[in-house]
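To start, the structure itself, in structure tokens.
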Amino acid sequence: MGGTRSSSSAVVRDAGIADNNRSGTKSVSRKEAGSGGVQLTLDSPVRYVPGIGPKLSEALARYLNVRTVRDLLYLVPARYVDRSQWWTIAQVRQLARKNTGEAVQFLARVVQRRLIPLGKRRKQTVLEVVVEDEEGRRLSLFWLHATMWYYKKMVVGSWWIVHGKPTYFLSRPAILHPDLTDPKERAEGLQTVYALPRTLVRRGLSLRRLKQIYQTIFDRLLPPDRIPDPLPAWIRQERNLLPLGVALKNLHFPTSSEAFTEAMRRLKYDELFSLQIVLVQEKLLRQRTQKGIAIPHSGNLIHRFYRERLSFALTDDQKKAVHEIYQDFRRGVPMRRLLQGDVGSGKTVVALLSALLMVDHGYQVCLMAPTEVLAYQHWQKWRAWLHGLRTSDGSAIQVHLLTGSVRGTRRRQLLQMLKDGNIHILIGTHALIEDPVQFARLGYVIIDEQHRFGVLQRARLVFKNEALTPHVLVMSATPIPRTLALTIYGDLDVSVLKTLPPGRKPVKTFHLYESHREEAYRFIRQELNRGRQAYIVFPLIEESETMDYANLEEGIRRIEAFFGKDYPFVVLHGRMKPEEKQEAMDAFTSGKAPLMVATNVIEVGVDVPRATTIVIESAERFGLAQLHQLRGRVCRSSDQPYCFLVTARRLSADALKRIQAMLTTTDGFELAELDLQLRGPGELLGVQQSGMINLRFASLVHDQQLLQDARKDAIRLLQEDYLLRRYPALRKAIRDVWGDRLPLGKVG
Ligand code: ADP
Ligand code: MG
């Protein structure tokens, strides 16, 4: 090996830098693999590793999606454990009582095993295995799944190294789903643990075998210093990151917990950095290569609207946002802008002002809202606002509503008008992009209350195919934590409305138990007497719809009894027909019915400034973002707003945290950060399925600083070389890391 070694490492290093020498390296590896396998690269198939035969390599591909040496090395250990420390069962039982979450390890023998039927129809079976240590103390181990598999494995009399977190289960100190190691395989020091599917274990890939494979790779086939590092050296130095090879080795063979942390930091950085490269590159590519519609910042329409129709002065933030949008229009670069502003900050008028500029220059505008109720409300408002106004070429502005409930002849008519260019502004729900309609000259797409990732994703695809790339504005009131914004919207420009319109008073929030809800009702009665309006909201969560409706009906009876005939109210919920919903909205907006009883259909967007009080029933069942949105319904004028959170007496710890958060702050961003911590990013944005935030190493909650560093570096690098022409290895690495998980398109 000695003789070939220096020359072969040169080959590998070159291949890493020249990048596209892929097939060449492969054929070398195949040859060499036969004669002792010196020439392994990250791209070599795993079967070139001695000890991985065709059967195992097939199983690795099938169950772990591991095909190359790279895939194998990037298998993240589920955790590492300190095998130098041992506990007695007596100590473990103590810890179980304290429930500290600390992991333990001890040696014990199986003395008893039994299957316990549980659940309503005793359908579920739990496996309990009682083990005993050398001191004769006993502890229960439990398995809730794969019970038979473990039953067979846990033969009475057999010895195991048991590893896990002590807790209480079925009223006894226990460990749920412990890790087991055969005492023969006992290892010392820091040991990594991998989550291997049982099928793989059955096919002979024990933890020990996996470790041996890693050992062979790092010792003989691909030592750390021969793993090429695609990250530009200046970044590595500046951010104080381990070389890739060292990080990979330390990941699998950590010498200390710090070494493991540092290895993880390097891999997290890579992941975040490559994602940011993709996002920032997308933005630069768009700006440098795509031609959008260019229109000057001129025309009478906006000035007339401003003078004659707008009853208030814009806030500085609103002016700035409008200006930023106009700049994009003028430059003719297809705009992709996020307008972020807390509930009630006045995003709609920014959208309208920018829409008017487009309309005045002969382009059509499409405004999409997440619900029919909100689309309808926008339509009502915009129609009233624009009534009688004409564009510079003299035509009266046509604003139309197209939702799922517009059908038949009317729908055909609308679609024809749209195609002929006789509709200036089309308002609809997000469904418009599911079943795209045809415009004559679509210039501008506005997506309101966008906090579902899929919508934007889809809009990107759909509107790419328009003859002219339209400008896109996304409006979001869900104040997205900065890290998420940088990830989800990393390719967008951002305008922010920080200040609320003048005179807004912070909402006063109270927490009441259900038994005291009448206090809130009495308060509402007072407010109604002063000409104000109010909402009472009930949760409607899909899984328990029937129960929720029963709940709502009972609530309505209570409200009827309390408010009587003097205070007419309307009901609004998802099961009503669209016309019924519109009727209810109209009655409430006009003030004919001063009180609205609703489910969370009013969660987003609804804007009735006279409504100043909201009572949220079963508030513990709402998420933080929802609560904040709901509370935002009453922060739309200079009157003092009030919010009552009504809950049951017994609250879960998380629910209590949410209620407390609502009582202590009205700041949407603060609440969003908290929400991120309580729920995690996937659920927060409804992107669980999208694969978008499918990060393997990094966490959007815990690695915020690293993310910001990575983004800064990505911008710096791309500004200097936005196609990464001088960094082919990096380009390839990004493809390798993200592959088809790339959120947007492909890397160039
Ligand atoms: P959101 O940002 O939540 O969509 P809206 O655009 O619905 O908020 O605005 C909330 C309310 O504030 C609306 O009734 C709107 O007319 C009003 N509004 C918007 N901008 C101003 C302003 N600069 N001064 C006073 N009221 C404003
Ligand atoms: Mg809005």
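The values are calculated or read from the model by the stated rules, or taken from the named source; none is laboratory data. Keep in mind the model is a prediction, meaning the values are calculated, not measured. Cβ coordinates were reconstructed from backbone atoms using ideal geometry, including for glycine residues, and neighbour counts include every protein chain displayed. Heads up: the accessible areas ignore ligands, DNA and RNA and are worked out on the full protein's heavy atoms, side chains in. Shrake-Rupley method; radii C 1.70, N 1.55, O 1.52, S 1.80 Å.
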Per q in 0.18 1/Å, what log10 I(q)/I(0) does a Debye calculation on the alpha-carbon atoms of segment 508-665 return? -1.13
What is the distance in Å between the Cα centres of segment 38-102 and segment 316-345? 49 Å
Roughly speaking, what % of Cα-Cα pairs in segment 291-434 are separated by over 17 Å, rounded to a whole number? 63 percent
Using θ = phi - 60° and Karplus 6.51 cos²θ - 1.76 cosθ + 1.60, couplings along segment 411-416 (whole Hz; Gly, Pro as x): 5, 4, 4, 4, 4, 5
Using just the Cα positions, wrap the chain in a convex hull and report its mean projected area in square nanometres, one decimal place. 38.2 nm²
Rounded Å value of the spacing that divides the Cα centres of segment 627-675 and segment 495-521: 8 Å
With point charges of +1 on the Cβ of Lys and Arg and -1 on the Cβ of Asp and Glu, referenced to the Cα centre of the chain, which listed residue (Pro166, Leu75, Thr41) lies farthest in the positive direction of the dipole? Thr41
What's the local net charge at Arg390, with K and R +1, D and E -1, over the other residues with C-beta under 10 Å away? -1
Pairwise centroid distance, computed over Cα atoms, of segment 382-434 with segment 178-240, Å: 61 Å
For Ile446, list long-range residues whose amide hydrogen, built 1.01 Å from N in the peptide plane, is under 5 Å from its own amide hydrogen. Cys366, Leu367, Met368, Leu473
How much of the pair distance distribution for segment 55-117 lies past 18 Å, counting alpha-carbon pairs only, in percent? 63 percent
Most to least accessible of Ser171, Ser140, Ser515 (protein chains only, probe 1.4 Å): Ser171, Ser515, Ser140
Whole-percent carbon and sulfur share, accessible surface of segment 249-391, 1.4 Å: 51 percent
Placed amide H near Gln105: partners under 5 Å, 5+ positions off or other chain: Trp87
Rounded to the nearest 10 degrees, what's the angle between the helix 257-289 long axis and the longest principal axis of the chain, both from Cα atoms, 0 to 90? 40 degrees
May I ask you to evaluate 6.51 cos²θ - 1.76 cosθ + 1.60, the Karplus curve with θ = phi - 60°, for each residue of segment 629-635 and list the ³J(HN,Hα) values in order in whole Hz, giving x for glycine and proline? 4, 4, 4, x, 4, 9, 10
Per-residue HN-Hα couplings for segment 703-716, Karplus 6.51 cos²θ - 1.76 cosθ + 1.60 at θ = phi - 60°, whole Hz, x for Gly and Pro? 10, 4, 5, 4, 4, 5, 4, 4, 5, 4, 5, 4, 5, 4
With charges set only on the Cβ (+1 for Lys and Arg, -1 for Asp and Glu), what does the dipole of segment 508-665 come to about its Cα centre, in debye to the nearest 20? 600 debye
The chain: angle of helix 653-664 to the longest principal axis, Cα-based, in degrees nearest 10: 40 degrees
Roughly how many Å² is the accessible area per residue of the chain, as a whole number, for a 1.4 Å probe? 45 Å²
Using amide H atoms built in the peptide plane, which far-off residues or other-chain residues are under 5 Å from Arg336 H to H? Val472, Asp493
Which value, in debye to the nearest 20, gives the size of the charge dipole of the chain about its Cα centre, when Lys and Arg are +1 and Asp and Glu are -1 at the Cβ? 1560 debye
Report, to the nearest 10°, how far helix 372-386 tilts away from the longest principal axis of the Cα atoms in the chain, using its own Cα long axis and a range of 0 to 90°. 40 degrees
Which residue, chosen from Gly101, Leu367, Thr589, occupies the Cα position most advanced towards the positive end of the dipole of the chain, where the dipole is computed from +1 (Lys, Arg) and -1 (Asp, Glu) charges on Cβ about the Cα centre? Gly101
Just to verify a number: FRET efficiency for Arg530 and Glu583, C-beta to C-beta distance, R0 = 22 Å, to 0.05? 0.25
